[in-house]
Amino acid sequence: MVTKQEIIDAAYQIGFADIGFTSAEPFDSHKAILEERASFYDWVYERGMNLLKGTDPKAIYPEVRSIIVLLENYHQEAFPPDMLGKFGRCYMVDDRMTKDDLAQRTKQFRAFLSSHGIQSKSGPYLPQRLAAARAGLGTFGKNCMLYANKAARQSSWVFPVVLLVDQEFAPDEPTVTVNCPTWCKNACIAACPTGALRGPNKIDPRKCISYLSYYGEGVTPIEYREAMGMKVYGCDRCQEVCPRNEPWMNQDLPVSQKISAWAKDFDLRALLHMDEQYYIEKVQPHMFYMPPEEIWRFQMNAARAMGNSLNPEYKEELKRCLAENRDERVREMATWALEKLNSL
Ligand code: SF4
Ligand code: SF4
């Protein structure tokens, strides 16, 4: 039988930044939070995402005996400067559609387990960050992000891959705690533009720019428009201001050539005027939370970013949008953005 150490060695060899093991016990604390803050998550269930099911690994995989968590450092390269501030970093590296990097290595790791008689299953609604902390891989920040214990210079630029396995392994020491330095005066909470961080470890996801940019109801409310700034899809603000991320951020990393190759397709002009075909071919392979019939969200976000850019060169684009785009939500935002640029 393969040993725990051999599994650890395989994970590093395949390119993961860290690996930990935890029991298959339910995530009761997470369940309690979901139930206590149920009104925050109505929209999740309306979209068919059963978060409560994810709190019980056995409900996902009845044969589960242990949980293996792999940690991916998704910031090994720098991101194209044109993309930063507009698109969240984790979305730029999300290869769930292209299946060309993390997906391949996860497959390779699972094949390794399988070759040793261990079956594994991933679950879409498992509390990944909590699983990682329970497996001793990281602690939390007051921005609700997971900070690695060893990998990526203890930064939050890590993504846990959670696998339920049908064999039992000794669990690692959990590190489920908030580990922010006392001298940090809650910089993340102060910096959150939309007030989504309500206090240490408490986020209202409905106010988070990530939610507002790809799931928000209708046209973005006026009170959030300026606060969302240039952000089109996702937000990293509470991680960018965090001193726990300084060691990683203060490196001269090479810019990802892979992302640079498609970054031009995410130019604000292209997004504002795109049709469904463009979205399907150029955008959706990388940022896919909206179905093609909801491209109005991307267009609306591009219009808002143009207004907030204070760049008068976008006036002509917004006028063209008003002449061509029939979606009332996009038109409302384009009008708002144009008025903002015209007032300069
Ligand atoms: S991602 Fe942005 S909007 Fe969301 S909590 Fe962090 S700073 Fe606030
Ligand atoms: S900004 Fe400060 S309080 Fe927020 S997660 Fe980082 S260290 Fe913790």
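The values are calculated or read from the model by the stated rules, or taken from the named source; none is laboratory data. What you see is a predicted model, and the numbers here were worked out from it, not measured in a lab. Because the Cβ atoms are built from the backbone with ideal geometry, glycine has one as well, and the counts that use them run over all protein chains shown. We work out accessible area using only protein heavy atoms, side chains counted, and drop any ligands, DNA or RNA first. Shrake-Rupley method; radii C 1.70, N 1.55, O 1.52, S 1.80 Å.
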Requested in this report: Go through region 152-187 and give me each residue that's within 10 Å of ligand 2 (Cβ to nearest atom), open to solvent by less than 40 Å² (accessible area, probe 1.4 Å) and farther than 19 Å from ASP236 by Cβ.
Outcome: PRO181
Report task. State yes or no: is THR175 assigned to a loop (DSSP other than H, G, I, E, B), of a type in the set (S, T, N, Q) and within 14 Å of ligand 1 (Cβ to nearest atom)? Result -> no
Query raised in the report: Any idea which residue in region 53-80 is nearest to SER210 (Cα to Cα), counting only those that are free of Cβ contacts under 8 Å to residues at least 40 places away in the same chain and not acidic (Asp, Glu)?
Result: ALA59
Query raised in the report: Restricted to region 35-91, and to residues that are over 16 Å from VAL161 (Cβ atoms) and part of a strand (DSSP E or B), which residue is most open to solvent (accessible area, probe 1.4 Å)?
Result: ALA78
Requested in this report: Could you grab me the full set of residues in region 119-151 that are more than 16 Å from ligand 1 (Cβ to nearest atom), open to solvent by less than 40 Å² (accessible area, probe 1.4 Å) and in a loop (DSSP other than H, G, I, E, B)?
Outcome: GLY123, LEU126, PRO127, ALA135, GLY136, LEU137
Query raised in the report: Within region 244-254, can one find any residue that is open to solvent by 30 Å² or more (accessible area, probe 1.4 Å), among the hydrophobic types (A, V, I, L, M, F, W, C) and within 16 Å of ligand 1 (Cβ to nearest atom)?
Result: yes
Report task. Go through region 108-131 and give me each residue that's at positive phi and either touching a strand residue (DSSP E or B) at 6+ places or on another chain (Cβ under 7 Å) or β-branched (Val, Ile, Thr) (or both). Result -> none
Query - Selection within region 231-243 - crowded, with 19+ Cβ neighbours inside 10 Å and either among the aliphatic types (A, V, I, L, M) or not in a loop (DSSP other than H, G, I, E, B) (or both) - result: VAL232, TYR233, ARG237, CYS238, GLN239
Report task. Within region 206-228, track down each residue that is open to solvent by 20 Å² or more (accessible area, probe 1.4 Å) and within 11 Å of ligand 1 (Cβ to nearest atom). Result -> ARG206, LYS207, CYS208, TYR211, TYR224, ALA227
Query raised in the report: Would you say ASN149 is touching a Cys at 6+ places or on another chain (Cβ under 6 Å) and either of a type in the set (Lys, Arg) or more than 18 Å from ILE14 (Cβ to Cβ) (or both)?
Result: no
